[in-house]
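The values are calculated or read from the model by the stated rules, or taken from the named source; none is laboratory data. Just so it is clear, the model here is predicted, and its values are computed rather than measured. Don't worry about glycine lacking a Cβ; one is built from the backbone with ideal geometry, like all the others, and counts go over all protein chains shown.
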Amino acid sequence: MVMANEPSKKQTQSFLRAKFAEIGIQPRAKLGQNFLIDLNLQHALVDAADLQQNDVVLEVGTGTGSLSALMAPRVASVVTVEVDANLHALAGEELSHFDNIRMLQFDVLKNKNHLAPQLLEAVKAELDAESGRCFKLVANLPYHVATPLMSNLLMLDWPPRQMTVTIQKELADRIVARPKTKDYGALSVWMQCQCRTEILRVMSPSVFWPRPKVTSAIIQVTLDQRLRDRIADRAYLHQFARSMFFHRRKFLRSELLSAYKNRLGKPEVDAVIGEMGLLPTARAEELTVDQMLDLCGRMRAAVGD
């Protein structure tokens, strides 16, 4: 493995402006190209991930390669993906001397519900290359891929042990939200029923170039196998949680009747609600993650799925 000097000049605003002008490109807003230019925060992100020599790290959004260069000396392998061909080429120049960085150029999403097969194949190959390797996601995520990427990774039979990423703070708030709050919803349930979630740091737009219009955050999502083992069918739970929050202000009873239309009637739905000790006026946003998981299991059993 090649050791590298710290990338002290590789992602400052002045460096990026000069480099982009030199090759005649501009950041592309539609691809979420907001580069983290505070070098202390780059280090904070990597340090928070607690990288080890047996880790295989997935990075989505290679950018100029600054974060990959910071992580590579600490881990077994970095699999980094960039959708932009110009940035992929630029990062390739910066990272060419590393022998443990695997660079890929494509969209990580096949569609909003599925990750690109070639991404999964690349990560799995690195994990299988040596016994005892550990999968982690560490990235300054483009905002538009953050939700489907993190959600779909948790659908895998071999999900990341930990995800340490920068995302839009609004999204981070939804991931860590508690019941009876405005941010609590299907994503909160999906992430928290499998993981421990924590916002580590809030970041102002000024630490990025170009500046986004929103505040960002570093969030850490740590897999808890004990929690995950309670789930009988992850795909079923994922769809169930989404259906329960489809109309936030509806009573839970109405949401259940709508979700199980032509499969369960009012008496069956009322029986399940009653067995759980819930009031007919309860709403999904009032249920804890454990209660939502319990309700999902009961409804699944009631319809025989």
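Just to verify a result, which residue in the range 224-251, among those that are part of a loop (DSSP other than H, G, I, E, B) and free of Cβ contacts under 8 Å to residues at least 40 places away in the same chain, is nearest to LEU293 (Cα to Cα)?
ASP229
Of everything in the range 252-268 that's touching a residue at least 24 places away in the same chain (Cβ under 8 Å) and touching a Leu at 6+ places or on another chain (Cβ under 8 Å), which residue is farthest from ALA177 (Cα to Cα)?
LEU264
For MET191, which of the numbered conditions (1) over 23 Å from CYS296 (Cβ atoms); (2) crowded, with 18+ Cβ neighbours inside 10 Å fails to hold?
Single failed check for MET191: (1).
Given the criteria over 23 Å from PRO160 (Cα atoms), modelled with pLDDT under 95, in a helix (DSSP H, G or I) and within 22 Å of the chain's Cα centre (by Cα), does LYS19 qualify? Please lay out each step first, then the result.
On the way: over 23 Å from PRO160 (Cα atoms): yes; modelled with pLDDT under 95: yes; in a helix (DSSP H, G or I): yes; within 22 Å of the chain's Cα centre (by Cα): no.
For LYS19, the condition - over 23 Å from PRO160 (Cα atoms), modelled with pLDDT under 95, in a helix (DSSP H, G or I) and within 22 Å of the chain's Cα centre (by Cα) - is not met.
State the number of residues belonging to the range 208-246 that are surrounded by fewer than 20 Cβ atoms within 10 Å (Cβ to Cβ) and β-branched (Val, Ile, Thr).
Going through the range 208-246 one residue at a time, the tally reaches 4.
If I go through the range 143-179 residue by residue, how many of them are surrounded by fewer than 22 Cβ atoms within 10 Å (Cβ to Cβ), under 17 Å from PRO205 (Cα atoms) and in contact (Cβ under 8 Å) with a residue 60 or more places away in the chain?
Matching residues across the range 143-179 total 2.
Which condition does PRO210 not pass, out of (1) more than 21 Å from ALA49 (Cα to Cα); (2) touching a Lys or Arg at 6+ places or on another chain (Cβ under 6 Å); (3) touching a residue at least 40 places away in the same chain (Cβ under 8 Å), if it passes all the others?
(2)
For the range 34-54, which positions are among the charged types (D, E, K, R) and either over 16 Å from ILE219 (Cβ atoms) or at pLDDT below 95 (or both)? Steps first, answer last, please.
In the first step, residues of the range 34-54 are kept if they are among the charged types (D, E, K, R); the result is 38, 47, 50.
Hit for the range 34-54 is ASP38, nothing else.
Condition check ((1) under 18 Å from the mean Cα position of the chain (by Cα); (2) of a type in the set (Lys, Arg); (3) at pLDDT 95 or above) across all residues:
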position	(1), (2), (3)
VAL207	no, no, yes
SER216	yes, no, yes
ARG226	no, yes, yes
ARG230	no, yes, yes
LEU256	no, no, yes
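Within the range 224-249, track down each residue that is among the hydroxyl-bearing types (Ser, Thr, Tyr) and farther than 21 Å from PRO160 by Cα.
Of everything in the range 224-249, just one residue is among the hydroxyl-bearing types (Ser, Thr, Tyr) and farther than 21 Å from PRO160 by Cα, namely SER243.
Run GLU59 past the list (1) charged (D, E, K, R); (2) under 24 Å from ILE199 (Cβ atoms); (3) at pLDDT below 95 and report the number of the one that doesn't hold.
(3)
Which strands (runs of 3 or more DSSP E) does the range 71-133 wholly contain that include 2 or more residues that are hydrophobic (A, V, I, L, M, F, W, C), assigned by TED's automatic domain parsing to the domain that holds GLU59 and crowded, with 18+ Cβ neighbours inside 10 Å?
Here the list reads 77-81, 101-104.
Quick one: would you say GLY297 is outside the structural domain of ASN113 (by TED's automatic domain parsing), more than 30 Å from LEU45 (Cβ to Cβ), modelled with pLDDT of 95 or more and in a loop (DSSP other than H, G, I, E, B)? Steps first, answer last, please.
On the way: outside the structural domain of ASN113 (by TED's automatic domain parsing): yes; more than 30 Å from LEU45 (Cβ to Cβ): yes; modelled with pLDDT of 95 or more: yes; in a loop (DSSP other than H, G, I, E, B): no.
Criteria not met by GLY297.
Looking only at residues that are among the aliphatic types (A, V, I, L, M) and part of a helix (DSSP H, G or I) in the range 142-158, which one is nearest to the chain's Cα centre (by Cα)?
It comes out as MET150.
Of the residues ASP84, ASP99, which single one is in contact (Cβ under 8 Å) with a residue 12 or more places away in the chain and within 21 Å of PRO210 (Cβ to Cβ)? Explain how you work it out, then say what you get.
Values: ASP99 fails: within 21 Å of PRO210 (Cβ to Cβ).
Only one candidate qualifies: ASP84.
Counting only residues that are surrounded by 14 or more Cβ atoms within 10 Å (Cβ to Cβ) and without any contact (Cβ under 8 Å) to a residue 24 or more places away in the chain, how many does the range 277-294 have?
Taking the range 277-294 first, the residues surrounded by 14 or more Cβ atoms within 10 Å (Cβ to Cβ) are 278, 282-289, 291-294.
This time we only want the ones that are without any contact (Cβ under 8 Å) to a residue 24 or more places away in the chain, so: 291, 294.
Counting residues in the range 277-294 that are surrounded by 14 or more Cβ atoms within 10 Å (Cβ to Cβ) and without any contact (Cβ under 8 Å) to a residue 24 or more places away in the chain gives 2.
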